[in-house]
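Written below as structure tokens is the structure these notes are about.
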Amino acid sequence: MIRVFAIRCVLLLGLLGVLFGQAVMAADTPPRVFPSVLDRADFRGGLIVHLGCGDGRLTGQLTAPGNGLVHGLDTDAAKIQAARTHLQELGLDGRAAVDTYDGRHLPYADNLVNLLVVSGPWSVERAEHPG
């Protein structure tokens, strides 16, 4: 299960790199790449984790399909606060949440996360949860 999860994450990271490289938009308009990313990842519902959620703009876009919950994680408390404010402004309370994390261990039980989207150069342990 971990191998399939890792392969999907690697494929998704490569796809995100290509899509972000092709996205050309105004500075104040976030790229709208996630619906196609979710399609290509064959996401059918469940829990999406956005590692490196930053200000929450991309995290909010992950809620677009409406068939899952989104949990954004970042190590920077200021970014988490900005993300919370952004998600509240969009009215996404209950569908998307953000939280701080330790930068190494994802805070989930085995097989809980259906899709992991990584923004930035994050490194996580191979095990799905510590201990």
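The values are calculated or read from the model by the stated rules, or taken from the named source; none is laboratory data. Since we're looking at a predicted model, the values are computed, not measured. Note: ideal-geometry Cβ built from the backbone for every residue, glycine included; neighbour counts use all protein chains shown.
Being under 20 Å from residue 124 (Cβ atoms), in contact (Cβ under 8 Å) with a residue 40 or more places away in the chain and surrounded by fewer than 19 Cβ atoms within 10 Å (Cβ to Cβ) is not true of residue 103. Looking only at the range 79-96, which residues are surrounded by 17 or more Cβ atoms within 10 Å (Cβ to Cβ) and over 17 Å from residue 120 (Cβ atoms)? Of everything in the range 79-96, those that are surrounded by 17 or more Cβ atoms within 10 Å (Cβ to Cβ) and over 17 Å from residue 120 (Cβ atoms) turn out to be 84, 86, 87, 92, 96.
Determine whether residue 60 is within 10 Å of the chain's Cα centre (by Cα), of a type in the set (Gly, Ala, Ser) and at pLDDT 95 or above. No. Selection of the range 18-56 for residues being at pLDDT 60 or above and among the hydroxyl-bearing types (Ser, Thr, Tyr) yields only 36. Is it true that some residue in the range 43-50 is of a type in the set (Gly, Ala, Ser), in contact (Cβ under 8 Å) with a residue 24 or more places away in the chain and in a loop (DSSP other than H, G, I, E, B)? For the range 43-50, residues of a type in the set (Gly, Ala, Ser), in contact (Cβ under 8 Å) with a residue 24 or more places away in the chain and in a loop (DSSP other than H, G, I, E, B): present. The residue that is modelled with the highest pLDDT, among those in the range 113-131 that are surrounded by 14 or more Cβ atoms within 10 Å (Cβ to Cβ) and over 12 Å from residue 50 (Cα atoms), is 124. Of all residues being polar (S, T, N, Q) and over 16 Å from the mean Cα position of the chain (by Cα) in the range 82-110, which is nearest to residue 55 (Cα to Cα)? Just the residue, please. Among those that are polar (S, T, N, Q) and over 16 Å from the mean Cα position of the chain (by Cα), it is 85.
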